[in-house]
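Undergrad: Would you mind keeping the following structure in view while I ask a few things?
The values are calculated or read from the model by the stated rules, or taken from the named source; none is laboratory data. This one's a predicted model, so the numbers in the text were calculated from it and none came from an experiment. Virtual Cβ from ideal backbone geometry, glycine too; neighbours counted across all protein chains shown. These area figures cover heavy atoms from the full protein model, side chains too; ligands, DNA and RNA do not enter into them. Shrake-Rupley method; radii C 1.70, N 1.55, O 1.52, S 1.80 Å.
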Amino acid sequence: MLKNNTVYETEITDYTADGMGIAHADGCAVFIPNAIAGERVRISIVHAGKNKAIGKIEDILERSPHRIVRDCPWAKICGGCDFRHMDYAEELRLKAQRVRDALARLGGWDPGELPIAGAKRLTGYRNKAIFPMGMYKGKADAGFYRARTHDLIPADHCLLQNDAANAARQAVVDFVRENHVRVYDEGTNAGLLRHIFVRTADATGQVMVCLIANGDRLPKEQELCKLLRDRVPTLASVILCTNTRPGNAIMGEKFRTLWGADAIEDELCGLRFRLSPRSFYQVNHAQAEVLYEKARTFAGLTKSDTVLDLYCGTGTITLHLARDAGQAVGVELVDAAIADAKQNAVRNGIDNARFFCADAGQAAQKLLDEGLRPDVVVVDPPRKGLAPDVVETIARMNPDRVVYVSCDPATLARDVARFRASGYAPQRAECVDLFPRCAHVESVVLMSRAGL
Ligand code: SAH
């Protein structure tokens, strides 16, 4: 076993799923933040575990040509970005490689070198910001957490966020300080303001600020709304969300509109979408369009086809595909998202889409029992992927094709293996980068019934 503080010279050979460099020392794997494959480095061990260790770069002995100077003053300590130290070419290469490796190792299918659609915008691309509030150097503040901790970093101008999000954050911090509003303390479950959630609709410019509080009301609510309106010119909605439970869940169950609309509207793939605070919405507008277009190409629908979209959120993919299909069915667990999806169908004059609020596996089983036989099934699950019963039920529906949109290569690959065992063969895979500078990567895999 390695010992803390020991120094080694070693080479970075690969990356972990969360973007750390991998090296070996005395036969042990060492994970090293801010490292680039191919570099020779001198490292010290900062945390020695049984089978793996965390290291820190002391010296770069041979620099990668992909190394760049970090352009954010917080980058070294902030847990937000993983890749501010490397150029975008290397970031894209490692992301595509990670998806390929997962599919080959865990999915039993090597797709070859995978294409990856890189983003045009590397800064200010996020349409959603969640700033935790807390104390920093004795003052109320908001920002991000230091990597792997809940220590607040008052990142006052995050490079991934747009101007509206950064301005809303500053307005709330100024208001809280001016009015001596207590920010929430996780240790004691005391204090009021917990998080600032800002969502921007790129196409319409509308901004929603949702304040998450450990209580039902804020002092001087309308003064705060006025300040936000002054600082964020396209503000459309201010909402108070009450969350009094201790723990890591950000959102609570209760919402009250303090000013403006209950939801904002965006345009995506030529369709208009209503977005309420609890609905999932992809954080990168331009790249979400690229991703949905790939899903549409892979689905290859015709006007006589039925498509089932499991994990449909506000119906973004369902409605995009409904235009190509005979009928479309969307299933989603969050009732607010399904309410948005139904309104979104009406808003866009789409009358061949139906939506159900249910667990994907249970809904698929019910639809199968009712005789639904979709030609294409699209799934876009959260990171944990599909429960085994979902794969089985989809296979029993016997669709020609399954299009799997994934935000986690490891669970995607596990599920591809399950689909293969159920008679579906992977045909194509592509990656889309929705999260420049961060380790997450989206991918789409097309599978078809063996023999087709
Ligand atoms: N396809 C949508 C949403 C994808 S995110 C889009 O691109 O916008 C995954 C969605 O799955 C979330 O909306 C989440 O609420 C939903 N979800 C999570 N668990 C679920 C389950 N067991 N059954 C159905 N939906 C679920």
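Undergrad: If the only charges are +1 at each Lys and Arg Cβ and -1 at each Asp and Glu Cβ, what is the size of the charge dipole of the chain around the Cα centre, to the nearest 20 debye?
TA: 580 debye
Undergrad: Please identify the trypsin sites (Lys or Arg not before Pro) of region 213-244 that satisfy two criteria: DSSP loop assignment and at most 15 other Cβ atoms within 10 Å. Which are they?
TA: Passing both the DSSP loop test and the Cβ count: Arg217, Lys220.
Undergrad: While we're here: Could you please state, rounded to a whole Å, how far the C-alpha centre of region 50-116 is from the C-alpha centre of region 251-310?
TA: 29 Å
Undergrad: Still on this structure, I have one more. Quick one: accessible surface of Trp74, probe radius 1.4 Å, all protein chains present, in square angstrom to the nearest 10.
TA: That residue has around 50 Å² of solvent-accessible surface.
Undergrad: Just to verify a number: what accessible area does Ser422 come out at with the full protein assembly present, 1.4 Å probe, Å² rounded to tens?
TA: Only protein atoms counted, so the area is about 50 Å².
Undergrad: With +1 assigned to the C-beta of every Lys and Arg and -1 to the C-beta of every Asp and Glu, and no other charges, what is the dipole magnitude of region 1-151 about the Cα centre in debye, to the nearest 20?
TA: Working: 24 positive and 19 negative charges, 130 e Å.
So the dipole magnitude of region 1-151 works out to roughly 620 debye.
Undergrad: Oh, and also: Full extension from His47 to Thr204: what is 0.36 nm times the residue separation minus their Cα-Cα distance, to one decimal in nm?
TA: 51.8 nm
Undergrad: Using the heavy atoms of the protein chains and a 1.4 angstrom probe, tell me the accessible area per residue for region 281-431 in square angstrom. Mind dumping the intermediate values first?
TA: Working: 5500 Å² over 151 residues.
With all protein chains present, region 281-431 gives 36 Å² per residue.
Undergrad: For a test of the definition: using alpha carbon positions, the gyration tensor, and the 1.5 limit on a/c, classify the chain as rounded, prolate or oblate.
TA: oblate
Undergrad: Let me ask something additional. Highest mean first, what order results for 143-151, 61-69, 313-321 on Cβ atoms within 10 Å?
TA: 313-321, 143-151, 61-69
Undergrad: For Thr244 and Asn4 in one chain, what is 0.36 nm times their gap in residues minus the Cα-Cα distance, to one decimal in nm?
TA: Computed gain between Thr244 and Asn4 is 82.4 nm.
Undergrad: A follow-up question, please. Using a ≥ b ≥ c from the Cα gyration tensor of region 236-326 (square roots of the eigenvalues), is it rounded, prolate or oblate, where a/c under 1.5 gives rounded and otherwise the larger of a/b and b/c decides, a/b for prolate?
TA: Judged from the Cα gyration tensor, region 236-326 comes out prolate (a/c at least 1.5, a/b above b/c).
Undergrad: Follow-up. With a sphere of radius 15 Å drawn around the Cβ of Asn4, what net charge do the other residues whose Cβ falls strictly inside it have (Lys, Arg +1; Asp, Glu -1)?
TA: So the environment of Asn4 carries a net charge of +2.
Undergrad: Next question. For region 242-350, state which trypsin sites (Lys or Arg not before Pro) are in a DSSP loop and have at most 13 other beta carbons lying within 10 Å of their beta carbon. Working shown, then result.
TA: Numbers: sites: Lys254, Arg256, Arg272, Arg274, Arg278, Lys294, Arg296, Lys303, Arg323, Lys342, Arg347; in loops: Arg278, Lys303, Arg323.
For trypsin sites (Lys or Arg not before Pro) across region 242-350 that sit outside H, G, I, E and B with at most 13 neighbouring Cβ atoms in 10 Å, the list reads Lys303.
Undergrad: Something else now. Restricting the count to DSSP beta bridges whose residues both fall in region 181-313, what percent are antiparallel, rounded to a multiple of 5?
TA: Here the antiparallel bridges make up roughly 70 percent for region 181-313.
Undergrad: Please report the antiparallel percentage of DSSP beta bridges with both residues in the chain, rounded to the nearest 5. Please report the intermediate quantities before stating the final value.
TA: On the way: 67 of 99 bridges.
Counting only bridges with both partners in the chain, antiparallel ones make up about 70 percent.
Undergrad: Moving on. Share of the chain's accessible area from carbon and sulfur, percent, 1.4 Å? If you can, show how the numbers build up before the last one.
TA: Numbers: 9520 of 19280 Å².
The C+S portion of the solvent-accessible surface of the chain is 49 percent.
Undergrad: Same structure again: To the nearest 10 Å², what's Asp185's accessible area with a 1.4 Å probe?
TA: Per-residue accessible area (Asp185): approximately 70 Å².
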